[in-house]
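To start, the structure under review is shown below, and the notes come after it.
The values are calculated or read from the model by the stated rules, or taken from the named source; none is laboratory data. Everything quoted here is computed from the prediction, not taken from an experiment. Because the Cβ atoms are built from the backbone with ideal geometry, glycine has one as well, and the counts that use them run over all protein chains shown.
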Ligand SMILES: [Mg+2]
């Protein structure tokens, strides 16, 4: 099944970006943007106001995921955009911190393609 949604994956690990991109491609998503940290992510978003979902790492240089999410949420055009955090930070307190900063859902690394699919589809309502 092909999906028109535009998704951005923000992660400082190019390997992780490739894994996420490959998984999404297999699920039928072909419009996937990439950024290596929060600063790059904001830059890509500024040039693509039609992004349907953001998938972001937590630990990144330049600008970490929490700061990135808070900055994104402070902008009117991204108040409702689904944000999925994919991270190794799995403690309950970390998850709460992420949710409080504006993240909609959470995937702990390492994850299975099924888990990513479930969360992505849920957030996009498909
Ligand atoms: Mg990282």
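A single entry from 47, 92 fulfils the requirement of being more than 16 Å from the ligand (Cβ to nearest atom), over 19 Å from residue 108 (Cα atoms) and without any contact (Cβ under 8 Å) to a residue 24 or more places away in the chain: 47.
The requirement of being in contact (Cβ under 8 Å) with a residue 24 or more places away in the chain, loosely packed, with under 13 Cβ neighbours inside 10 Å and part of a loop (DSSP other than H, G, I, E, B) is fulfilled nowhere in segment 112-122; no residue meets it.
From the list 22, 105, the one residue that fits, being more than 16 Å from the ligand (Cβ to nearest atom), without any contact (Cβ under 8 Å) to a residue 40 or more places away in the chain, in contact with a helix residue (DSSP H, G or I) (Cβ under 8 Å, 6 or more places away or on another chain) and closer than 25 Å to residue 126 by Cα, is 105. Looking at (1) farther than 20 Å from residue 114 by Cα; (2) free of Cβ contacts under 8 Å to residues at least 40 places away in the same chain; (3) out of contact with any strand residue (DSSP E or B) (no Cβ under 8 Å at 6 or more places or on another chain), which is the one condition that is false for residue 12? Condition not satisfied by residue 12: (2).
I'd like to check which strands (runs of 3 or more DSSP E) are fully inside segment 1-61 and have at least 3 residues that are at pLDDT 95 or above and under 19 Å from residue 80 (Cβ atoms).
Values: elements: 3-10, 29-35, 53-56.
Correct list: 3-10, 53-56.
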